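First comes the structure, then the notes that go with it.
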């Protein structure tokens, strides 16, 4: 397992400084959302040139960091045609860029069928799932053409809300270029967190061969729901997930989420200690 971090969780600084901090803190890879990390120059679609990709590739290599995930978390089921035109263009630009950057995957979530990108009961319907499958098809086709892995991240409040629905998407698209970002906490809600061990086991059974990246965070239960927090500060149990990685996914990228500059190293060591003890 190669532990990494979301670069936008590192203190606000130019990209090279963030990469230097990631290396100093013992991380080996990064999740980069271009617009959240880079403000010193444009990262609009037209700015994602081969030159920029190769420049960034050298920066990551300088600090011994892989690009685990190039994040492009835009709603593929937005009902607005003009918005979708821009969204498709953004995905295509990021996929092209990833092919030159050497990113492990281009990652996304699975949205909702509204412009606000907010949960509604319709999101969990079969109709919403069919809409998502149709919308993701051209993106995966382009990823195939560019030789890039496109990875979806199931989230309880989104359309692909559980392992069974994720399996349906994978089977319907039937492409080796469509894989999974497994974020265990994102499969949970206040209504199901007490069954988390069963939910995680189902995810690993149904999706295991297609899991490309692991996201790691923790959670605490509040009156309103679940709040995501850094690993080791909540109610997660990681042993079976990390055993799955250690026995079946050698050197897989695993990026920490919801850390801050003060607890990132503590969270990394917490996960590494569990992994080493398995």
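The values are calculated or read from the model by the stated rules, or taken from the named source; none is laboratory data. Everything numeric in this text was worked out from a predicted model, so none of it was measured. Quick reminder, even Gly has a Cβ in these numbers, built from the backbone with ideal geometry, and neighbours come from all protein chains shown.
Going by what's in this entry, would residue 131 be described as surrounded by 17 or more Cβ atoms within 10 Å (Cβ to Cβ), in a helix (DSSP H, G or I) and more than 20 Å from the chain's Cα centre (by Cα)? Working first, answer last.
Working: surrounded by 17 or more Cβ atoms within 10 Å (Cβ to Cβ): yes; in a helix (DSSP H, G or I): yes; more than 20 Å from the chain's Cα centre (by Cα): yes.
Yes; evaluated as a whole, the condition is true for this residue.
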TODO: Pairs only if they're at least six apart or on different chains, beta carbon under 8 angstrom, first in the stretch 236-255 and in contact (Cβ under 8 Å) with a residue 12 or more places away in the chain, second surrounded by fewer than 15 Cβ atoms within 10 Å (Cβ to Cβ) and assigned to a loop (DSSP other than H, G, I, E, B); list them, first residue then second.
DONE: 239/278; 242/278; 243/278; 246/278
- [ ] Identify the residue in the stretch 46-77 that is in contact with a strand residue (DSSP E or B) (Cβ under 9 Å, 6 or more places away or on another chain) and in a helix (DSSP H, G or I) and, among all such residues, is surrounded by the fewest Cβ atoms within 10 Å (Cβ to Cβ).
- [x] 57
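Of these, 212, 151, 203, which one is assigned to a helix (DSSP H, G or I) and in contact (Cβ under 8 Å) with a residue 12 or more places away in the chain? Write out each step before concluding.
Details: 212 fails: assigned to a helix (DSSP H, G or I); 151 fails: assigned to a helix (DSSP H, G or I).
The unique qualifying residue is 203.
With over 30 Å from residue 273 (Cβ atoms) and touching a helix residue (DSSP H, G or I) at 6+ places or on another chain (Cβ under 7 Å) as the only criterion, which of 43, 67, 37 stands out? Talk me through it step by step, then tell me what you get.
On the way: 67 fails: over 30 Å from residue 273 (Cβ atoms); 37 fails: over 30 Å from residue 273 (Cβ atoms).
Checking each option against the conditions leaves just 43.
Restricting to the stretch 209-224, name every residue that is under 19 Å from the mean Cα position of the chain (by Cα) and surrounded by 14 or more Cβ atoms within 10 Å (Cβ to Cβ). Give the derivation first.
Of all residues in the stretch 209-224, those under 19 Å from the mean Cα position of the chain (by Cα) come to 209-219.
Scanning the stretch 209-224 gives 210, 211, 212, 213, 214, 215, 216, 217, 218, 219.
State whether the residues of the stretch 162-182 include one that is modelled with pLDDT of 95 or more, in a loop (DSSP other than H, G, I, E, B) and more than 18 Å from the chain's Cα centre (by Cα). Walk me through it before giving the result.
Going residue by residue through the stretch 162-182, those that are modelled with pLDDT of 95 or more are 162-182.
Narrowing further to those that are in a loop (DSSP other than H, G, I, E, B): 162, 174-177.
Right, trim to more than 18 Å from the chain's Cα centre (by Cα) and you get 174-175.
Yes, the stretch 162-182 contains at least one residue that is modelled with pLDDT of 95 or more, in a loop (DSSP other than H, G, I, E, B) and more than 18 Å from the chain's Cα centre (by Cα).
Return the only residue of 157, 137 being touching a helix residue (DSSP H, G or I) at 6+ places or on another chain (Cβ under 8 Å), surrounded by fewer than 19 Cβ atoms within 10 Å (Cβ to Cβ) and part of a helix (DSSP H, G or I).
Working: 157 fails: part of a helix (DSSP H, G or I).
Sole residue among the options that is touching a helix residue (DSSP H, G or I) at 6+ places or on another chain (Cβ under 8 Å), surrounded by fewer than 19 Cβ atoms within 10 Å (Cβ to Cβ) and part of a helix (DSSP H, G or I): 137.
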- [ ] Just need a number here: residues in the stretch 178-189 that are touching a strand residue (DSSP E or B) at 6+ places or on another chain (Cβ under 6 Å) and either closer than 15 Å to residue 207 by Cβ or surrounded by fewer than 23 Cβ atoms within 10 Å (Cβ to Cβ) (or both).
- [x] 6
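Restricting to the stretch 225-246, give me the number of residues that are assigned to a loop (DSSP other than H, G, I, E, B) and either at negative phi or buried (at least 17 other Cβ atoms within 10 Å of the Cβ) (or both). Reasoning before the result, please.
To start, the set of residues in the stretch 225-246 that are assigned to a loop (DSSP other than H, G, I, E, B) comprises 225, 230-238.
Filter again for either at negative phi or buried (at least 17 other Cβ atoms within 10 Å of the Cβ) (or both), leaving 230-238.
Total meeting the criteria: 9.
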- [ ] Determine whether the stretch 261-268 contains at least one residue that is in a helix (DSSP H, G or I), surrounded by fewer than 18 Cβ atoms within 10 Å (Cβ to Cβ) and modelled with pLDDT of 95 or more.
- [x] yes
TODO: Provide a single number: the residues in the stretch 78-123 that are under 20 Å from residue 179 (Cβ atoms), in contact with a helix residue (DSSP H, G or I) (Cβ under 6 Å, 6 or more places away or on another chain) and either at pLDDT below 95 or not in a helix (DSSP H, G or I) (or both).
DONE: 3
